[in-house]
1. Would you mind ranking 182, 92, 55 by Cβ crowding within 10 Å, fewest neighbours first?
2. May I ask you to compute the full-extension gain from residue 117 to residue 73, defined as 0.36 nm times their residue separation minus their alpha-carbon distance, rounded to one decimal in nm?
3. Checking a compactness column here: for region 110-207, what do you get for Rg(Cα) / (2.2 N^0.38 Å), N being the number of residues?
4. From Cα pairs below 8 angstrom and at least 6 apart in sequence, can you work out the relative contact order of region 110-207, rounded to a whole percent?
5. Nearest 0.05, what FRET efficiency do residue 109 and residue 174 give at R0 = 25 Å with Cβ-Cβ as r?
6. Test of understanding: what is the full-extension gain from residue 165 to residue 86, defined as 0.36 nm times their sequence separation minus their Cα-Cα distance?
7. Could you line up 115, 77 from fewest to most neighbouring Cβ atoms inside 10 Å?
8. How do 156, 133 line up, fewest other C-beta atoms within 10 Å first?
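None of the figures in this text is laboratory data; all of them are computed from the coordinates on show. Keep in mind that this is a model prediction, so the values were computed, not measured. All Cβ positions, glycine included, derive from the backbone under ideal geometry; neighbour counts span all protein chains shown.
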């Protein structure tokens with residue numbers, strides 16, 4: 001009797017520990033790619049619960065011994081695939097619109113604009129180039145959230161209306177917070193990764209463009 005009890009406790013601890021591990025790894029990954037927090041929490045909870053359930057179902061046996069670590073890992077993989085398939089049914093992230101351009105800053109030089117297009121326009125304009133993964137959840141959620149958030153802060157394609165953070169452009173680029181690090185992570189958006197010479201040229205151009213610095 002005691003043997004069965006200890007085996008059941010060990011099995012539950014193994015499932016719970018593995019589930020926590022999946023959630024922690026997911027949180028770290030989501031922070032790196034800038035996943036919206038609400039979607040991150042929901043997705044990780046779904047994966048964690050599914051992992052625990054699948055593992056417990058697959059580890060049932062007569063003597064109550066816990067299943068092997070490999071079974072836990074494979075349960076997690078099955079859970080991730082299942083949750084991702086279901087996630088495709090969520091309608092959020094499908095709105096890939098590019099409203100009309102109604103006005104732009106009086107760029108100091110054409111090169112200034114070209115560099116801004118490369119580094120910033122895919123989140124701060126109405127000329128977004130939507131990548132293929134923006135059609136696949138959860139990447140679509142992150143992409144649309146970044147664009148909506150970016151346009152709300154400053155939209156260089158609607159310069160005919162007040163921009164909340166337009167005059168902070170020079171400072172944000174100088175600090176290196178625009179574009180954010182995750183934007184060019186693992187080789188993504190390689191065009192946005194400016195060389196030191198290009199960054200110097202951009203900063204000079206932004207300092208001479210009206211409305212982009214305080």
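1. 92, 182, 55
2. 11.6 nm
3. This ratio for region 110-207 stands at 1.06.
4. 34
5. 0.90
6. Taking 0.36 nm per residue and subtracting the Cα distance, the gain is 24.7 nm.
7. Result, fewest neighbours first: 77, 115.
8. Sorted ascending by nearby Cβ count, the order is 133, 156.
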